[in-house]
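Undergrad: Just dropping this structure here.
Laboratory data are not the source of any read-out in this text; all were calculated from the coordinates shown. Everything numeric here is computed off the predicted structure, so don't read it as measured data. Backbone-built Cβ (ideal geometry, glycine too); neighbour counts: all protein chains shown.
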Amino acid sequence: MFLRSRLGRVTRPHSVGARVAQAVGLSFVVLAVAVAFKPQRLAARPADPTFAEDVAPILYKNCAGCHRPGGIGPFSVLDYDTVNAHVDQIRDAVDQGIMPPWHADGPHGVFSNDRRLSDADRSTIVRWADAGAKPGDMKDLPPQPDYPSKWTIGGGRPDLILGMNEDFQVPASGTIDYQYFRIPTNLTEDKWVQAIEIMPGAREVVHHVLVYAYVPPSPSAAPQTPPAAPAAGAPRPQPVFIFNRAEETTPPDPPRQDSLHAPPRPMGTLIASMAPGMSTQVFPEGTALRLRAGTVLTFQMHYTAHGHAMTDRTMIGFKFANEMPEEEIHAAAFINGAFTLPAGAKDIPVTATLATGQPVRIWGLLPHTHLRGVRWHYELQKPDGTSEVILDVPHYDFNWQTYYMFATPLDLPAGSKIVSTAWYDNSTTNKHNPDPTKDVHWGDQTWEEMQYTGFLYTIPSRRLKPASGQ
């Protein structure tokens, strides 16, 4: 029996460690051999690409969001001189598929936020660099993309901006406990959120941010009547998700060094996250996240000392939808916190399982490990016995966290399971390994580990209005 993969290939059941080798096109082999025997770069021909006419449109569309003044990229791609100064670096990164960063396997079209260049665009940049990186006629340059502010959502102007009400001093060295900051929204009515962006004040030392939303009960509100118990003999409704409690177990939190910014209880529901490579979440068309009146946000801040003291005051921006969505989107996570990574071991698999008690629609998955995580694999197992690979990340990169958003969401019938498997390398061959002589368990700090999957979902049975076109 074989499994048909959502990623367009056939695999043997449960052979989660297998990876499909990427074919190298014959044309690239021929080109590499030809160039190797040339004493210098090929002379430019009239058909050679130019920056103004051919390369700038590609860079503006695919790279300038990060590589621009004020962006997270180390240099800007908006002008020829800067690009030409980094042409060899750009050429190699594009040719090897390192940039734009994307680590999932499979064809284009599976994920709506796939950052990979098309084969044609990648070939254009490589040919342009190999032909001498000609500028071309600057009158042919397309208009530069406009970045009116440091915010990217809402045309640079989010509808609501909130932030920590005080600065936090990040020391130059040492371990920093997670810090928690409560921020009231002061909303007087519910809002439907189309996009969220988290803006660190000192990006260099902010490892990640989790934002939770909680609605405190109103002092004047009448006590709610609990729902009636099912009639005797009536079946109890199934929960939306069924978690494996043995996997969910994590070690107890260590004593905190201070209680100034201790975690509040309750924190509420996770609604947004920011990690290296990811600060913005745009929800799919027809969906939106509900931000209720009176909501209080909690920022869970993970700071990492970076050699010199810095001051942070992180903010969050919301872009509101113009109307009620068809479906309310929710953020959640499933984990395995009950693992041990033996000292010196490599290729260690750790699985976690998410089961559905009701039909649900999955819109995106966020795999997350720390420095020892090397790859991920997700398999959907349906109650009819069929299975498919829904996400394969053969080269996981801790420095680029990605929410993989499905172009067509996954409709999971009740009784389905998503089985995630992460592999770890705790050996000396892992150049990122903080200490291969130690057994490693679940923990918050980057020298510890996690097996964590964030996911976005809706519940089709709870539609708010008919789908578009109905």
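Undergrad: Most exposed first by the Cβ proxy, i.e. fewest other Cβ within 10 Å, how do Lys431, Lys191 rank? Write out the running numbers ahead of the final one.
TA: Details: Lys431 7, Lys191 20.
Ascending Cβ contact count within 10 Å gives the list Lys431, Lys191.
Undergrad: Which order results if Thr386, Thr402 are arranged by neighbouring Cβ count within 10 Å, fewest first?
TA: Numbers: Thr386 11, Thr402 24.
In order of increasing Cβ crowding within 10 Å: Thr386, Thr402.
Undergrad: Give the lysines whose C-alpha is closer than 18 Å to that of Lys431, dropping any in the same chain fewer than 8 places away, or say none.
TA: Reachable lysines: Lys346.
Undergrad: So, one more: Which order do peptides 335-342, 268-275 fall in by mean Cβ count within 10 Å, highest first? Each step should come with its number before you reach the end.
TA: On the way: 335-342: 19.1, 268-275: 20.6.
Highest mean packing first, the order is 268-275, 335-342.
Undergrad: When a/c is below 1.5 the answer is rounded, else prolate if a/b is larger than b/c, else oblate, so apply that to region 42-147 with a ≥ b ≥ c taken from the square roots of the Cα gyration tensor eigenvalues. Could the numbers behind the result be given before it?
TA: Values: a/c = 1.71, a/b = 1.27, b/c = 1.35.
Oblate shape, in that a/c is at least 1.5 and b/c is the bigger or equal ratio.
Undergrad: Let me know the shape class of region 363-470, please: from the alpha-carbon gyration tensor, a ≥ b ≥ c as square roots of the eigenvalues, rounded when a/c is under 1.5, otherwise prolate if a/b is greater than b/c, or oblate. Each step should come with its number before you reach the end.
TA: Numbers: a/c = 2.82, a/b = 2.26, b/c = 1.25.
Note, shape of region 363-470 comes out prolate.
Undergrad: Also: Can you sort Met278, Met164, Met324 so the residue with the fewest Cβ neighbours within 10 Å comes first? Mind dumping the intermediate values first?
TA: Working: Met278 15, Met164 19, Met324 12.
Neighbour counts put them in this order, fewest first: Met324, Met278, Met164.
Undergrad: Would you mind pulling out the separation of the Cα centroids of region 318-362 and region 167-190, in Å?
TA: 24
Undergrad: Figure the gain on full extension for Gln144 and Asp347 (residue separation times 0.36 nm, minus the Cα-Cα span) and round it to one decimal in nm. Please report the intermediate quantities before stating the final value.
TA: Numbers: separation 203, 0.36 × 203 = 73.08 nm, distance 4.54 nm.
Gain on stretching Gln144 to Asp347: 68.5 nm.
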